[in-house]
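Structure record follows, encoded as structure tokens.
Values quoted throughout were computed directly from the atomic coordinates according to the rules given, and no laboratory measurement underlies them. Being a predicted model, the structure only gives us computed values, none of them experimental. Glycine gets a Cβ as well: all are built from the backbone with ideal geometry, and neighbour counts include every protein chain shown.
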């Protein structure tokens, strides 16, 4: 018996020493850099087994799908109707354009946003890399999303010699117009992950567009995942772009701001831009009332105008039709709409669905915290806000949440 206990003691000591060695080796930056994303991908697959499902849960009281979408949206304003062709140019667009290819940089794990922005900034003499950007707006490599607003924030605060605009509701002609006038454009579109990448499936991805060719019916993209100078067809781009309300970012020298505004036309005004995007979503719904992304875009544009009840109804329909589970990892409109109409349990359900499979989604942590607070669970709110700050220490919304509750980080 004594020998048996001695053997167990030696085994436990050996296991402890091996575990300690593995831990110490993992702290070596080169080793950690190579293993961290693989471990995360494996964890994503396991989380998918534990919490299966390709789509988000339907709301607790989903709306019936309406037969007339026109009852959902207002009659377009005059400014949205008059500008039928809002992007005039003195001469017809050339049939093809190729801008210089910036010095290519392959994205790090979960880093397509900072990497695409780095390529865009290099057009104008910027000498940094994706890690200069991510260290500010996405310091935790496990954070799987960077929003458009975070990318714009970086340009405005760290590249003050440049201007930047972002709008929604773009179209292919507008993209070509910018390219023909020498401006590269960043877009966000949907993307299918391989099965070994966190379980695979639908997600979002940023591209930098640097050219087009009408003969090929395709854009030239700088794709930080697949490689430089890759062709993407007009149809493929638009199909994936729809899922993100056709958002786009244009970086420009400050002395060319007037040119950018002229190219935007009526969309230079943000309210008009959103009204036009709302009308575009309505028309897409008229054409296909079962297009979940069109309904989600309607919700996002109604949300801009703080029309929360209508936005919530649009999101109800989108979720009932089926949105990919990663949708709320990238876009947070359903959280905001449901919160503002008092549907806190629906916020909890959606945020927990996101957090089960993406536990470092700081926006989901934030809205889970606020919904928990409204339901009377103050401690969970505090824990959520603090967890969001561990992912992104500069997250002002989470800092405000703690300040509101009278506690510190």
Using the eigenvalues of the Cα gyration tensor, what equivalent ellipsoid semi-axes result for segment 103-248 when each is taken as the square root of five times the eigenvalue, whole Å, largest first?
22, 20, 14
So for R0 = 41 Å, FRET eff. of residue 256-residue 397 from the Cβ-Cβ r, to 0.05, ends up at 0.80
Does segment 233-277 come out rounded, prolate or oblate, given a ≥ b ≥ c as the square roots of the eigenvalues of its C-alpha gyration tensor, rounded meaning a/c under 1.5 and, failing that, prolate meaning a/b above b/c?
oblate
Scale the Cα Rg of segment 289-405 by the rule-of-thumb value 2.2 N^0.38 Å and send over the ratio, two decimals.
1.03
Rounded Å value of the spacing that divides the Cα centres of segment 109-124 and segment 328-353:
29
Counting other beta carbons within 10 Å of each residue's own, what order do 372, 309 fall into, fewest first?
309, 372
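Based on the alpha-carbon gyration tensor of segment 94-177 and its eigenvalue square roots a ≥ b ≥ c, which shape applies: rounded if a/c is under 1.5, prolate if not and a/b is larger than b/c, or oblate?
Cα axes put segment 94-177 in the prolate bin.
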Please state the relative contact order of segment 78-271 as a whole percent: Cα pairs under 8 Å, 6+ residues apart?
28
Order of 126, 231, 325 - criterion: other Cβ atoms within 10 Å of each residue's Cβ, fewest first:
231, 126, 325
If you average the sequence gap of Cα pairs under 8 Å that are 6 or more apart and divide by the length of segment 289-405, what percent do you get for the contact order?
17
Nearest-0.05 FRET efficiency for residue 377 and residue 101, computed from C-beta distance (R0 56 Å):
0.60
State the extension gain, in nm to one decimal, for the chain segment bounded by residue 268 and residue 131, taking 0.36 nm per residue of separation less the distance between their alpha-carbons.
46.2 nm
Starting from 0.36 nm per residue, how many nanometres of slack lie between residue 171 and residue 390 once their C-alpha separation is accounted for?
75.0 nm
Modelled label-to-label distance, residue 55 and residue 192, 7 Å Cα→beta-carbon offset: nm?
1.8
By the C-alpha gyration tensor axes a ≥ b ≥ c (rounded if a/c is under 1.5, else prolate when a/b exceeds b/c, else oblate), the shape of segment 194-319 is oblate
Residues 132, 143 in order from fewest to most other beta-carbon atoms within 10 Å are 132, 143
